[in-house]
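The values are calculated or read from the model by the stated rules, or taken from the named source; none is laboratory data. Being a predicted model, the structure only gives us computed values, none of them experimental. Counting neighbours? That spans all protein chains shown, and the Cβs are built from the backbone with ideal geometry, glycine included. Each accessible area value is taken on the protein alone, full model and side chains, heavy atoms only, with ligands, DNA and RNA left out. Shrake-Rupley method; radii C 1.70, N 1.55, O 1.52, S 1.80 Å.
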Amino acid sequence: MKVLTAFGVLAVSLAVGAGSARADTAVLIGDVGLGDAFQISLIDSSGVPVKHLDAGTYTLVVHGHSIHHNFHLSGPGVDVATPFAVGDQTFTITLSDGVYTFVCDPHHLTMRGAFTVGSVTAPPAGQLTASFAGGSKNALGPLAPPPPAGTYVITVHDRSAKDGFRIAGPGVSRSTSTRFTGTVKWTVTLRKGTYEYGSARFRKLRRFFTVYG
């Protein structure tokens, strides 16, 4: 967990989407660093991004395009990684019920993805807590590390009777009223993009954080 000077604690969990692929797909294809870009992906043999798989044994083929990036897949019973090199690597992996992540090790905050396997269809929602007093005394720092896209429960402790807490960005626009004091909980879906959070009244008391896909 990361403790922020004015806006509490952020604990992130991996985000996954709907859709699944069966073990008889057999081949999974990873791709990383094309053109030295900060890009990483995992698709099945039909070209569909992997979000959910049946438990079973798969062949993982990774296309590495850069000496600056690698592809590291980990989860229950699996921990395989490519070298920092240009070329293809092939692994045989057996996936079990659970959540798996794939990242570029030195850039794991921005180059990452996740999928679920078997009976696990989605990880629990992440938790975001905002402690808000209002006024110029708030020292607002950046939200770090950048959270992944997914579902979050935001708990707001609003202690200001003259200001409110606000968060807005792709698909989200929530705020407490300026006269409200107390605690509220919102369940929101954060998407890839930039979000603004902080004072509902004073733009200069707001900050931003970025959600990666």
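Some points to look at:
- Applying 1/(1 + (r/R0)^6) with r as the Cβ-Cβ distance of ILE43 and ARG174 and R0 = 35 angstrom yields a FRET efficiency of 0.55.
- For VAL172, net neighbour charge (Lys/Arg +1, Asp/Glu -1) across residues whose Cβ lies under 13 Å away: +3
- Computed Rg/Rh of segment 56-119, alpha carbon atoms with Kirkwood Rh: 0.97
- Here segment 143-186 has 50 percent of its accessible surface on carbon and sulfur atoms, given a 1.4 Å probe and all protein chains in place.
- Heavy atoms of TYR212 accessible to a 1.4 Å probe, total area in Å² rounded to 10: 20 Å²
- Rolling a 1.4 Å probe over the protein heavy atoms gives segment 26-127 an accessible area of 45 Å² per residue.
- The calculated FRET efficiency for the pair VAL27 and THR181, based on their C-beta separation and a Förster distance of 45 Å, comes to about 0.20.
- Neighbours of VAL117 by Cβ distance under 9 Å: Lys/Arg scored +1, Asp/Glu scored -1, total -2.
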